Structures are given as C-alpha cells and as structure tokens.
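S.K.: Mind looking over this structure? Questions follow.
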DNA sequence: CCGACTTGCGTCATCGTTGTCGCAAGTTAT
DNA sequence: ATAACTTGCGACAACGATGACGCAAGTCGG
C-alpha cells in the first residue's frame, strides 16, 4: 500500500516541509489547469498554483519533467487503489464493485494525468498500467467462470467497455459526486445493459 | 444529404480544381497528424500533406482557421450521416442500428475533428451537435416507449453510455474495420450488457 | 537564535512557431 | 496560346514559451 506521504520527486533528497507543500500545490494546479486546456503554459500553471513561474521551474526543470511527475503521481495513486481492492478470493461481483468505487475516487479529479498515463512512454508507468490491465482481465475471466459474465463475451471487449464507462463518468465532473451511486450505475449498466430482458428481433 | 463536392471554404470564391484537391489533402493530413499529436505544428501537417508550409498558410490564414475548417467539415459529414439515418417512423431498434453504423463510418478516421467538435465555441457547430443530441434523446425516449429500453433507465445516462461506446470503438483504429460487426457489438452491449440474465445479489 | 533552505522578482538568452512576402516555375481553364 | 491561378522556395519579422541567473526577503529546523 502506497502511503500518502511517499516521495514526490524521485532522484532528489527529502524536501523541507514548505517545499513539499509547494510541489503538491503545483501538481494539483497542473491537473486542474491542464485538464481544462492541455496546452496551458507553465505560467498559467504557476498562476493557478499561486507561485511564481520560476518556482515551478525550480521544482521541475522542464515542462516534460512536470508532466512526468504528474503522471507518475497519479499512476501511483491508481495502482494503489487497484491493488487495495482487487482479490482472487472474494466473489467477482464484490471485487468489481469495490475496485470500481476506489478507482473512481482516484480518477475523479486526476483525469488529465490518468488519461495521459494510459499511453505513456515511461516503461515504469507503462508496466503499472499493463499490470492493472492484466488484473482486470483476470477478474473478468473469473467473472466469466462463475457465471457473472456470459460465456460468449470477449474479455478484451468487456474491458474496453468497462474502461469506457469509467472514463465517461470521470469526465467533466462537478466537485463532489456520489461515488457509490456512480459505481452502481456503471456495474449495473455493464452487466445488465439498458434494454429489457426480452430480446428484439 | 450533403454531397461529396460541397464547398470546403466558406467565405471564399470557388476554387480551381487543383486548389480544391490541395485543401482536401491538407485536411486529411491534419486529421491524421493531429489525432496522433494534438499539438502538432503547421509544418508537420504540411509535411504529412506533401505540400510546403506556406501553402497551408495560404489556404488557412491561421492555425485556428485550419482547425475550424477541419471541425466544420467533420461536423457536416456527421450531421448528414445522422439526418440520413434517423427516422421517427421506423422501429427504434432499426433506427438505432442504422444510425450507429452510419455514424461509425464517418467517425472512424475523423476522430480528432469529431472530438474537437463536441465542445466547439462556434455557434453553428454547437447548434448541429445540440441538434444531434436532441435527436438521439428523442430516439431513446421512443425506444423506451416501445419497450426497447427499460422504463427506469435515465435517458441522459443512456446517451452518455451510447456516445462512450461509439467513442471507444473509434479510437486508435486499424485501417479497415467491419463496421457492421462493430455496430452489432455496440447496440448489443448497450441493450443486453455483458452479464448473464440472472441477477447477482 | 542561527544557518540552511525556499520563494518572489526582475532579467536575460534562446528557441520554435506563426504568419507574411515576392518571385520563379508550373498548372488550369478558355 | 494566353491569362489567371497555384505552388514551392527562401527569407523575414514578431511573438510567446522555455529555461537559467543572481539577489533580497522570508521561513523552517535544530
């Protein structure tokens, strides 16, 4: 389990309290600003964070470095959420519900960083996401084995639908949403669909 | 029904044959390049189109103008596809299938322009999309009335799921896909979901 | 309290992108 | 054939964003 106080910068020495706060403030501002406009400048980010532009550059040498740090930070949170919720022992339905809720909690508010992380060039980040993807597929296979998913359903398609629904819910979101309600909505829709039981044609 | 030869530039006089070809080539290149990297430069687009950078600027004064033209072009195709497929007379299931297939045919290959169009500032484009949205909701309401959709389903949520699935399918796509198969997959998943008929818990 | 650290500010150099222009060569339509 | 149009090329100016400084003032930790 990744703690809340994990190191923010990778290579550096431990930061002083105020500096660490600044870094976190910058990352949060970056997420906010960049999710609204991915081409936002360092100046806009600095302004949103309430710090001078030079301070941002002090903490993140290049723009790339800032983006990478943001991605790494979000990916850490994401992996922690998944690892904490997934289990090969509990019933697939329970796990699906739990992991969905926990992922939503992280992904709402870190949409930009998470979206960017998905196709990252960084091998470390790519590995984490491939890992999560594998865990997801295993969960779905287990769901299929226990009869939760229909036997004829393609696992990859199931995962793509699942990801798509999660992505949809976490886009353009109001401040505080009822995660549990959204979770129910997603899992319910994924399993039952929106149509009546009687098939057409 | 919008023809293939409709005017590409709005305000301008009719273009000579070679110029119109160039404009189309540039738009296609822009879609390709920008879908891979939304921050791509005019030079990269020009290179992909096989023309000089100055030629791009000759046809589209500013970067904005190019983006707008791209968006307008895609929106036109999109609206035509929807208008041609939707109907208040035919059974909702049939319409849903037909409109999905036609939209997919347009949206595959014009993903960047379409995604950008969704939240456009241009009132004309926004109106078209609001129009399509309204048509979609009406279709779903009719589907609900005829028992295709469950009565308890929220129409807005249904539309969001539908859009999300279409978006998912049209992202990162190989050259030639079987549109009919994808359409079946989408509609089927939307209505039936992926789970077994017997509910859990 | 004192040393180390951090921040804001102003400044500077650099770079890439954008957008414009004129000219020569090639293409299109009549 | 000829006049109008289009394109490529090279060059240019302007602009914004990036990134690096040093310095003075403020803050943190022992």
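S.K.: With springs connecting C-alpha atoms under 10 Å apart, model chain A as a Gaussian network and identify which of A:116, A:59, A:160 has the largest mean-square fluctuation.
M.R.: Residue with maximal mean-square fluctuation among A:116, A:59, A:160: A:160.
S.K.: Taking the label point 7 Å from Cα in the Cβ direction, how far apart in nm is residue A:122 from each other copy of itself, listed shortest first?
M.R.: Its label point is 3.7 nm from the equivalent points in the other copies.
S.K.: So, one more: Within 10 Å of each residue's Cβ, count the other Cβ atoms and sort A:107, A:135 from fewest upward.
M.R.: Ranked by crowding around the Cβ, least crowded first: A:135, A:107.
S.K.: Okay, next question. Relative contact order for chain A: what percent, with Cα pairs under 8 Å and sequence separation of 6 or more? Provide the component values of the computation, followed by the final result.
M.R.: Working: 159 pairs, mean separation 37.5, N = 201.
So the answer I get is 19 percent.
S.K.: I would also like to ask the following. If each residue's Cβ is checked for other Cβ atoms within 10 Å, how do B:42, B:114 rank with the fewest at the top?
M.R.: Least to most surrounded, the residues fall as B:42, B:114.
S.K.: Relative to the other copies, what are the label-point distances for residue B:184, with labels 7 Å from Cα along the C-beta vector, expressed in nm at one decimal and sorted shortest first?
M.R.: Reported distances to equivalent positions: 3.5 nm.
S.K.: From the square roots a ≥ b ≥ c of the eigenvalues of the alpha-carbon gyration tensor of region A:99-201, which class results: rounded (a/c under 1.5), prolate (a/b over b/c), or oblate?
M.R.: oblate
S.K.: GNM, chain A, Cα, under 10 Å: largest mean-square fluctuation among A:146, A:54, A:39?
M.R.: Ranking A:146, A:54, A:39 by mean-square fluctuation puts A:39 first.
S.K.: Taking other Cβ within 10 Å of each residue's Cβ, how do B:56, A:132 sort, fewest first? Please report the intermediate quantities before stating the final value.
M.R.: Working: B:56 22, A:132 19.
Final ranking by Cβ density, sparse to dense: A:132, B:56.
S.K.: OK, next. If you take the square roots of the eigenvalues of the alpha-carbon gyration tensor of the protein assembly as shown and sort them as a ≥ b ≥ c, do you get rounded (a/c under 1.5), prolate (a/b over b/c) or oblate?
M.R.: Oblate, because a/c is 1.5 or more while a/b does not exceed b/c.
S.K.: Which residue of chain A is nearest the rotation axis onto chain B, counting by its Cβ, and what is the distance in whole Å?
M.R.: Nearest Cβ to that rotation axis, in whole Å: A:193, 2.
S.K.: Sticking with this structure for a sec: May I ask you to give the average projected area over all directions of the convex hull of the Cα atoms of chain B, in nm² rounded to one decimal? Don't skip to the answer; put the middle values down first.
M.R.: Working: hull surface 53.6 nm².
Over all viewing directions, chain B projects a mean Cα-hull area of 13.4 nm².
S.K.: Measuring from a point 7 Å out along Cα→Cβ, what nm distances, shortest first, does residue B:41 have to its partners in the other copies?
M.R.: With the label placed 7 Å along Cα→Cβ, residue B:41 yields 1.7 nm.
S.K.: Just to confirm the number: angle between the C-alpha axis of helix B:179-192 and the first principal axis of chain B, 0 to 90 degrees, nearest 10?
M.R.: Helix B:179-192 and the main axis of chain B meet at about 40 degrees.
S.K.: So what is the calculated 222 nm ellipticity per residue for chain A, using -39500 (n - 2.57) for each DSSP H run with n of 4 or more, over all residues, to the nearest 500 deg cm²/dmol?
M.R.: One gets -22000 deg cm²/dmol as the mean residue ellipticity at 222 nm.
S.K.: Could you check which residue among A:81, A:126, A:113 shows the biggest mean-square fluctuation in a GNM of chain A with a 10 Å Cα cutoff?
M.R.: A:126
We did not get these values from a lab; they are worked out from the coordinates using the rules stated. All values derive from a computational prediction rather than experimental measurement. Backbone-built Cβ (ideal geometry, glycine too); neighbour counts: all protein chains shown.
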